[in-house]
Structures are given as C-alpha cells and as structure tokens.
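Peer 1: The structure under discussion is supplied below as structure tokens; questions concerning it will follow.
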Number of protein chains: 2
Amino acid sequence: MTETHVTQRLAEWIAAPRDLADLPPAVREEGVRTFFNWLGCAVGGATHETADRAVAAIRPFVGPAQASVVGRTERLDVPHAALLNGITSHVLDYDDTHLKTIIHPAGPVASAILAVAEYRPVDGKRFLEALITGIEVECRIGNSVYPDHYDRGWHITGTAGVFGAAAAVSRLLGLDAQRTAWALGIAATQSSGLREMFGTMCKSFHPGRAAQNGLMAAFLAEAGFDSSTRAIEAPRGFANVLSTKQDYSQILGGLGETWEAGLNSYKPFACGIVIHPAIDGCRQLRDELGADVMAGVSAVRLRTHPLVLELTGKTEPKTGLESKFSVFHAAACALLRGDGSPTAFTDEAANAPELVALRRKVKATSDAAIHEDQVAIEIDLTDGRTITRFVEHAIGSIHRPLSNEQLIEKFARQSEPVIGAAPTADLMDLAWRLTDLSDAAEVARASVAAGARAAAAAE
Amino acid sequence: MTETHVTQRLAEWIAAPRDLADLPPAVREEGVRTFFNWLGCAVGGATHETADRAVAAIRPFVGPAQASVVGRTERLDVPHAALLNGITSHVLDYDDTHLKTIIHPAGPVASAILAVAEYRPVDGKRFLEALITGIEVECRIGNSVYPDHYDRGWHITGTAGVFGAAAAVSRLLGLDAQRTAWALGIAATQSSGLREMFGTMCKSFHPGRAAQNGLMAAFLAEAGFDSSTRAIEAPRGFANVLSTKQDYSQILGGLGETWEAGLNSYKPFACGIVIHPAIDGCRQLRDELGADVMAGVSAVRLRTHPLVLELTGKTEPKTGLESKFSVFHAAACALLRGDGSPTAFTDEAANAPELVALRRKVKATSDAAIHEDQVAIEIDLTDGRTITRFVEHAIGSIHRPLSNEQLIEKFARQSEPVIGAAPTADLMDLAWRLTDLSDAAEVARASVAAGARAAAAAE
C-alpha cells in the first residue's frame, strides 16, 4: 500500500492540542496500569548485572546528575538515565506486551519521559498523556509492518520503540508538527535491533537505546536539526527498507478514535510471552496434582504455536538470560518449582541438576492449529499414568488480564527485595496517583530508598 | 553463501597481535593519506550549522571535557566528541570513498579513535594501525552485502561504519577475541541509517552516530556487556536481516593479505562521488574555452551512469545540503563558476539566480554503458556551436587519484578559513608525521587554534 504524507500527518496528530481528558477513560486507566507495571519491572531489574555492566561502561562519560535510574542510586544525565531505565525494565522479560505485534510498549517510552520529567518538570496528567501518545505511535507503526518486519529478524520493541520515545518526548517538549516530523525522521534513521540478540544482554539494550535515541531525536529536532519529513513512507524510508509489508492505514486509520494503547497486557511470567501458555498449563497441573507428583515425570510433550520453537527452542540454556528462550526449561521449572517469576530464570535455575534432568524429558512440536495463547500438554508419569491439559487462553492474555491486585503483587515481589517494603508501598501509591501529581518526576525520585541514595552520595 | 563463525573469526583477526610494520608499505601510506584527508574535512566542516545544532542539542547532557571536537572550541566527553567529529568530517560530502561500496570509510573510524586517543593515550603507530584495521573491517563487511544492501536503501557508511568504529576501538582498548566479538555484536544490533536522509542533516549524523555507537560497543564489551558472537552471519543477524546478498568470503578471504584499506580515494569535489565526472568534465570545458563562453550556454545534455539520476536527481534544490543531490546544480556551478568545492554547495549557491537559470537548461539521461567514473557532455552555445567532452576517468577516481600536493591544497582551502593559516600548516605537518608521534592525541589538540580555545574557556 502506498500513501503520501504519512509521517507528516502522524506528526500533526502528535503535535495537536490534546488533554488527557480527551482520551477515553478505559485508555487512560490502561495507561496508568502500563506505567505501574513498567515501574515495578524497572525497580525489579535495577540490580541485574546487565545494568551494572552498562553503568560501568558509561560511567566515565556521563554528564550532569539530572535524572534517576529507577531503583538504583546513580543519578545520570537525562539520555543515559533513559538508556538504563529501558534496560532494567526489560531485562527480566517481565514487562508488558502489545499482543498484535509482540512489542513491549512501555520500555522505550516510559524510560524516556520519566528521565525528561526530572529535567523539564511536567504534571502527572500531561505525563500520562505523553506516555499514551508515544505508545500509540509505537504500536501503530508496529502494526503497519508486522509480521513481515518481525519475521525478517527485527526486534520490533527496538525498531518501533524509538518512534514511540521520539513522539512522547516531542509532546513533552511541545514541539510543533514540523519539528515533530523531524524527530520521527531522526528516530527512523536510528531504528535498529536484531532478534539474534535474544538471550544476550543486548536484548534489553534495545528498548534502552530506543528510549535514549528517541529522546535525543526530539531534543535534536527542538534545536533545529532537520531530517526528512517522509521518513516512514519514502521509497528508501523506514517501512520500505525494514519491511516487505507497509500498511499505512494501520498508522493513520482512526487516529485518536481507536487506541492501540488500550490493548496493553502485562506478563505474569518473566519470559517471552509465547511460552506463557506452557508455564500456565504446567503450573495448573502441578497445583492440581501436587508437587510430589511432579517429581515422578518421565516425559512431557507440548504441542505449541510455531513461534514457540522458533523463539524459545534452546535445548541447553547455560545462563539465566538464555533460559528465557527455552520452552523446555520453562516447562520443567513450572512443573518442579511452580515458578515462572524472575527466580525461574537465573543462572542457578538454568544449571540446577534436577531442572536440567527434567527439561531433557520435555519435547515440543509445532502445530499451526494451536493459537499463540494456547498449549496442549501431555505428561507421562513414572507410575504409568498420562495426564493432559489444554490451555485455551493463558493467564496474562487479553482474555485473562492481570487484575490490579495481581499487578500489585507482581510489583511488590519485584520491588521489595531491591528497595524494601515501605519504599515499595510508597512508590506503588505514587504510581497509582500519577494523574494527581503536580510533578511526575516525584515517582522517579521515590523509586530509590532515600537512605540508599544518601549513602551512595556520601561514598 | 553460508559460512560459520564469520564474526568469531573476524574478531580473532582484529584481536591478533599485529604491528604497523606488519602491514604493506602502500597500505600504511594510504592510511596516512586517509587520516590527513579526514582531518582536513573535519576542520572544514567544523563551523557548519549542522554541527552547531547538534552541539546545542547535546550540550545540556555532555559529560567531562575529555576530547576535542576537531576544529571547534568545545571539549566534550569521548563518545560525544566522536559523534561531532563524524558529523563535521562528512557534512560537506568532501571526505573519502571506498569506490567498490561507496562507503566513506574514515568518518566512523577516525572520529571514534581520535576521541579515544585523548582519553587513553596511544602512539601514532598504534593509532594508524587501529585506523587501518577499522577501515578494513568496515569495507569488508560492506563488500559482503553490497550492492543489494545499498540498493535496498541503507546508507552503508552508517551501517558498515559502526563495525569499523567498534573494531578500531576494540583494538585500541586491547580487547581479546571474545570481547571483540561482543563489540561487533553490539555494533551489529545498532547498524542503521536510511538513504532517505540524503539532503538533510541526518546524512552526516550517520557516520557520527556510527562512530559514537561503535565506540561505545567496544567500551560496553570491555565492561563485560555481552552479545551474540554470530551477529554478522546468524539467520537473524546483520547480513541476513539487512541484505539479500551475503558473501562472507568478502569478509574472511585473504584477511591480512589483501587490503581494502589500501583502495581509499579522496574527493576533489564536495558532493557525492557519482557527480564527480560531470563536474570534472564541465570544469575541463570551462578551463579550455574560457569563463565568458560559459555565460552563453543554451542547453547542457549529460549522459550518465544510472546511479547519478537515482542519487542526485533533485531538479530544484533549495538548500546547500540539497544542492549536493542535484547533478543539474553541480553542472551549472562547474560551468559558470568553475567550482566544485564546499562554496559550490551553499544555500547562496543553491538559490543564486544565474545558477538556477542555468541548471534548468541541464538535462541528464541514464546510460548503462557509462561507467561510474565517466560522463558524456554535450553543450549547445547561444552562438550556435555545440561542444562535447567525454570523461574517461574522473579526477579522484582510482585511476586519477589526488596527489599529496592536491590533498594539501584541499586541506588548506578547508582549514584556513576555520582555524587560520599558521595553525593549518602546523596541523598538516603533525598529520603527515602521525607515525612519529608518541601521543596521537596531539593532532586533536592542535586542530583548534590555541587562542580560540583559551578565549572560549574564558567565556
């Protein structure tokens, strides 16, 4: 499909006058849940060694202490804070999912604007509106090229995320349509991130860099740094160069009327969304039959959607990061430990002898008749029985969304070990009250226990 | 073509013990010429508004004053200095060209390592060896995917350049093969830059970001930030995702024996290499017949290689940057002013009435029988004569390389207006003596007139 002025018309929509109150209530509410879930994930991933190593590399080069790294004691310059927040919020593969594109929407966008909010103050309503705008742009651009673009090998959270960050920060900076179009162009020409990186530290680097690069695209455009204003649709622009599918109606159709940002979902398990059904089903069987039965498993057969083996077919993961890409490990850990949380995907778990032994008994086959949120499980037990389970819709899918209570439990389990119970409770409270805050950056500052930051500063 | 361990074997070569003296003398000599030409271009572009706007955008966020921006008074953190040097050295489209791929090799690589040299001191011999290694990696990766990759719409100086910067900085940091492979992987997953950006400020942003991102890839790998070690050849790695051609023999074949870095060429004119034949031919006719004859031109007909109209077919350029992508403007300016230097591609020139009038009389047709360094020119004069010229090999091509004297003249014409005549002479002297320097960073510091920096510091 060809279309003219896609970038320009999208920029005009981004830059148009719009209040949070103009958005449908359900979209606003999902925006708050998106932010809440993102924040918990960013705190939860804050102490991951991926973040430690990134900080070690950038530390000699960072600028003024302008913005918090959520859950950590460092304060960095704004773009570097965005980079780190993007890494930490995605590193546990526990964040959110736009199921139509497998984009993890909040990482690139929230990471960018929370860092900006500490530098250019903004109230919670404008902050939330920018978050929703950025996610809307990101998911619509993703829709326009999915699935061809993803199938080719692009990590769409990075490639589409940079547009979302650019759009949201452009909105916070109040850029006009011309400069917003430049920001989208500067974002487009940095769109990157290869799926080959799954299972390495570079996976979470993608939303981090998307946040940082999208943010700088907006600041560059603000300073008059120009770009093409046809960066999305031009013959040698984003959509044609990075995809064989270009459906621009997905970008412009119903803009401001139907909202992709209202379709966000939140992961119950700390791994790729495609193995959620397998974990869910294995945990159901374990809950039903008892943990002791699971010690006597002789064979596990999974029939799965074809993407499962394509994305998570690692048979012998050696690290925690790699284990997220092993449906065999995930099923074994769900059966034996009932665990799908971050503790299921550590280096310890990847190498635990009892899990290694069980995962080698797990076989998976692709079946095009199985939907992405389904799985069929057959388990042979050593006592001769065979048990089965068919999961129709996995928990965390659009049909079985996490409730606010489940989001709170997920947040607390991630955040309490990092910043403690009382600061976690305060932080959750602030996040739910986002639209009442006169200064959205309050959330960023509250994500670090006051004592911890003071201690770090005194070092 | 499929191949295993491409990234790993390339990394092993990059990390292997190697002295400058192990390289063929002609390659070393071309390396010095490459550095010399790059340096003159970086000084020449230092005052361009593209650089001013980039500096304005990044200024609030920059880190310690670690490294010079060549030709400018700012000192920035190392990665931001690399970004700026990459922008300034390419912004006039006057730099160097690896003719087999149209990569401009020095921008991403020299910009990165000169910034690093001010932070981690290195002598001139090791510096030159790293420069040549980086360019070798960049051009070989370019060869492996060219022309399909370029034809799809990728600006190959950005996409391949990030590997060159990563390789060269890995070498300066002394990374082992494992970490060098990670650096290549971190580079691969940031490989980007769209041809749609030609004619905008984002074009020179590409080598700048490639320098900065490649540099940080090496520092991240040094800090243990891991990546895939099959980033180039994996099914969802660089070559398969960004190209339909993958010829890995171009990367690994004759590594250390035949040298792409010895094939560099230097532009005599400040625009895309493809319109050099037209400018050369028009200048030849003007020199031969006299400037007054050129005032009486009624029609100009060019037969050109097909890439000329594809890349430089803008009929009504409005800015200096756009005018570089107009063969019509370039021919008019060469005929009327005899100019192909940066002054031919300013906003003034793009809008000068006499040039606008003449460029509208220029017609160009594509002819597949015309080689990339050729052009056939026919000019109708108002006195009824028709004059013709066939350029067999344009100046600056591999068959008519710029001499050292021509490089000196080109350097001086760019540098003297920016930093003055005496500092220019000193700077050129230092650059020629690169391999004698105990501290390569001396060149960076000498690129700014001492008085200018002191004055800036006192502000």
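The values are calculated or read from the model by the stated rules, or taken from the named source; none is laboratory data. Since this is a predicted model, take the numbers as computed values, not measurements. All Cβ positions, glycine included, derive from the backbone under ideal geometry; neighbour counts span all protein chains shown. Note: accessible area is taken over every heavy atom of the protein model, side chains too, but ligands, DNA and RNA are not part of it. Shrake-Rupley method; radii C 1.70, N 1.55, O 1.52, S 1.80 Å.
Peer 1: Assign unit charges at the C-beta atoms only (+1 for Lys and Arg, -1 for Asp and Glu), then state the dipole size of the protein assembly as shown relative to its Cα centre in Debye, rounded to the nearest 20.
Peer 2: 420
Peer 1: Nearest 20 debye, what's the magnitude of the dipole of chain A about its Cα centre given +1 on Lys and Arg Cβ and -1 on Asp and Glu Cβ?
Peer 2: Here the size comes out at about 760 debye.
Peer 1: I would also like to ask the following. When each copy gets a label point 7 Å from Cα toward the beta-carbon at A:Pro306, what are the spacings between them in nm, shortest first?
Peer 2: In nanometres, ordered from closest: 3.4.
Peer 1: List the distances, in nm to one decimal, from the label point of B:Pro235 to the label points of the same position in every other copy, shortest first, placing each label point 7 Å from Cα along the Cα-to-Cβ direction.
Peer 2: Nearest to farthest, the other copies are at 3.4 nm.
Peer 1: To continue, here is another question. Which three extents, in angstrom, do the Cα atoms of the stretch B:6-266 have along their principal axes, listed largest first?
Peer 2: 43, 39, 37
Peer 1: Residues with amide H under 5 Å of B:Ile103's amide H, sequence separation 5 or more or different chain, H placed in the peptide plane at 1.01 Å from N; which?
Peer 2: Close amide H contacts, sequence-distant or interchain: B:His98.
Peer 1: With the Cα gyration tensor of the stretch A:194-266 giving a ≥ b ≥ c as the square roots of its eigenvalues, does the rule (a/c under 1.5 for rounded; else a/b larger than b/c for prolate; else oblate) give rounded, prolate or oblate?
Peer 2: rounded
Peer 1: Still on this model: Within 10 Å of each candidate Cβ there may be at most 13 other Cβ atoms; applying that plus a DSSP loop requirement, which trypsin sites (Lys or Arg not before Pro) in the stretch A:69-154 survive?
Peer 2: For trypsin sites (Lys or Arg not before Pro) across the stretch A:69-154 that sit outside H, G, I, E and B with at most 13 neighbouring Cβ atoms in 10 Å, the list is empty.
Peer 1: Tell me the label-point distance for the pair B:Glu378, B:Glu348, using the 7 Å Cα-to-Cβ offset, in nm and rounded to one decimal.
Peer 2: My value for the distance between the label points is 3.6 nm.
Peer 1: Do any residues of the stretch A:168-189 lose at least 30 Å² of accessible area when the full set of protein chains is present rather than just their chain alone, and if so which, with a 1.4 Å probe?
Peer 2: By number: A:Thr189.
Peer 1: Counting other Cβ atoms within 10 Å, which GluC sites (Glu not before Pro) in the stretch A:353-425 have at most 16 and lie in a DSSP loop?
Peer 2: Here the GluC sites (Glu not before Pro) that fit, given the DSSP loop and packing criteria, are A:Glu392.
Peer 1: Continuing with this model, one more query. Please give the net charge around A:Arg209, taking every other residue with its beta carbon less than 13 angstrom from that of A:Arg209, where Lys and Arg add +1 and Asp and Glu add -1.
Peer 2: Taking every Cβ under 13 Å from that of A:Arg209, the sum is +2.
Peer 1: With a 1.4 Å probe and every protein chain kept in, tell me what percent of the accessible surface of chain B is carbon plus sulfur.
Peer 2: About 51 percent, which is the carbon plus sulfur part of the accessible surface.
Peer 1: Quick check: residue separation of A:Glu409 and A:Glu392 times 0.36 nm, minus the Cα distance between them. What number comes out in nm?
Peer 2: In short, 3.7 nm is gained.
Peer 1: Taking a ≥ b ≥ c as the square roots of the Cα gyration tensor eigenvalues, with a/c under 1.5 meaning rounded and otherwise prolate when a/b beats b/c, else oblate, which class fits the stretch B:373-414?
Peer 2: oblate
Peer 1: How far apart, in nanometres, would the label points at A:Gln284 and B:Ala369 be if each is projected 7 angstrom from Cα along the Cα-to-Cβ direction?
Peer 2: Here the modelled spin labels are 7.3 nm apart.
Peer 1: In bins 10 Å wide, starting from 0, what share of all Cα pairs of the protein assembly as shown does each bin hold, as a percent?
Peer 2: 2, 13, 22, 24, 19, 11, 6, 2, 1, 0, 0
Peer 1: Taking the Cα centre of the stretch B:90-182 as origin, work out the dipole magnitude from +1 charges on Lys and Arg Cβ and -1 charges on Asp and Glu Cβ, in debye rounded to 20.
Peer 2: 280
Peer 1: Near the amide H of B:Val375, under 5 Å away, which other amide H atoms are found, from residues 5 or more places off or on another chain, if H is placed in the peptide plane?
Peer 2: Those qualifying (amide H under 5 Å, at least 5 residues apart or on another chain) are B:Val391.
Peer 1: Could you derive backbone 3J(HN,Hα) for the stretch B:309-326 from the dihedral phi with the Karplus parameters 6.51, -1.76 and 1.60 (θ = phi - 60°), listing whole Hz in sequence and x where the residue is Gly or Pro?
Peer 2: 6, 5, 8, 10, x, 5, 8, 10, x, 10, 10, x, 4, 5, 5, 5, 10, 10
Peer 1: Further question: Compute the label-point distances linking A:Glu29 to its equivalents in the other copies; points lie 7 Å from Cα along Cα→Cβ; give nm, one decimal, shortest first.
Peer 2: Label-point distances to the other copies, shortest first: 7.7 nm.
Peer 1: Given a Förster radius of 45 Å and the C-beta distance between A:Lys245 and B:Arg445 as r, what FRET efficiency does 1/(1 + (r/R0)^6) yield to the nearest 0.05?
Peer 2: Calculated value: 0.30.
Peer 1: Between Rg and the Kirkwood Rh of chain A, both from Cα atoms, what is the Rg to Rh ratio?
Peer 2: That ratio equals 0.98.
Peer 1: Before I look further, what does the stretch B:6-266 give for accessible area per residue, probe 1.4 Å, in whole square angstrom? Write out the running numbers ahead of the final one.
Peer 2: Numbers: 5810 Å² over 261 residues.
It amounts to 22 Å² per residue over the stretch B:6-266.
Peer 1: Just to be sure I understand: if you take the accessible area of chain B alone plus chain A alone and subtract the pair, with a 1.4 Å probe, what total do you get in Å², rounded to 100? Kindly include the intermediate steps, with their values, before the conclusion.
Peer 2: Details: alone 16890 and 16860 Å², together 28980 Å².
Its buried surface, counting both partners, is about 4800 Å².
Peer 1: Report the relative contact order of chain B, percent, no decimals, based on alpha-carbon pairs under 8 angstrom and at least 6 residues apart.
Peer 2: Worked out over chain B, it gives 21 percent.
Peer 1: So with the 1.4 Å probe, I'd like the accessible area per residue for the stretch B:293-384, rounded to whole Å².
Peer 2: With all protein chains present, the stretch B:293-384 gives 39 Å² per residue.
Peer 1: What residues have an amide H closer than 5 Å to that of B:Tyr266, excluding those fewer than 5 places away on the same chain, when H is modeled at 1.01 Å from N in the peptide plane?
Peer 2: Amide H neighbours of B:Tyr266, under 5 Å, 5+ apart: B:Thr97, B:Leu402.
Peer 1: With the calculation restricted to Cα positions, what are the radius of gyration and Dmax of the stretch A:1-140 in angstrom?
Peer 2: 16.0, 49
Peer 1: When only DSSP loop residues count, what trypsin sites (Lys or Arg not before Pro) in the stretch A:310-411 have their Cβ near at most 14 other Cβ atoms within 10 Å?
Peer 2: Values: sites: A:Lys314, A:Lys318, A:Lys324, A:Arg337, A:Arg359, A:Arg360, A:Lys361, A:Lys363, A:Arg385, A:Arg389, A:Lys410; in loops: A:Lys314, A:Lys318, A:Lys324, A:Arg360, A:Lys361, A:Arg385.
Qualifying residues, ordered by number: A:Lys318, A:Arg360, A:Arg385.
Peer 1: Can you list the HN-Hα couplings for the stretch B:417-433, worked out from phi with the Karplus curve (6.51, -1.76, 1.60; θ = phi - 60°), rounded to whole Hz and with x for Gly and Pro?
Peer 2: Once rounded to whole Hz, the list reads x, 8, 10, x, 6, 5, x, 4, 4, 5, 5, 4, 4, 4, 5, 4, 8.
Peer 1: Calculate the radius of gyration of the Cα atoms of the stretch A:204-325 to one decimal place, then report Dmax, the largest Cα-Cα distance, as a whole number, both in Å.
Peer 2: 21.7, 67
Peer 1: Classify the stretch B:273-391 from the C-alpha gyration tensor, please: rounded if a/c falls under 1.5, else prolate or oblate depending on whether a/b exceeds b/c.
Peer 2: oblate
Peer 1: Could you work out Rg/(2.2 N^0.38 Å) for the stretch B:103-156, with Rg from alpha carbons only?
Peer 2: 1.34
Peer 1: Could you give the nm distance between label points at B:Ala357 and B:Glu310, where each point is 7 Å from its Cα heading toward the beta carbon?
Peer 2: So the label points at B:Ala357 and B:Glu310 sit 3.6 nm apart.
Peer 1: Tabulate in residue order the Karplus-calculated ³J(HN,Hα) for the stretch A:255-269, using 6.51 cos²θ - 1.76 cosθ + 1.60 with θ = phi - 60°, rounded to whole Hz; enter x for Gly and Pro.
Peer 2: Listing the rounded values in order: 4, x, 10, 9, 10, 5, 5, x, 9, 5, 10, 10, 6, x, 10 Hz.
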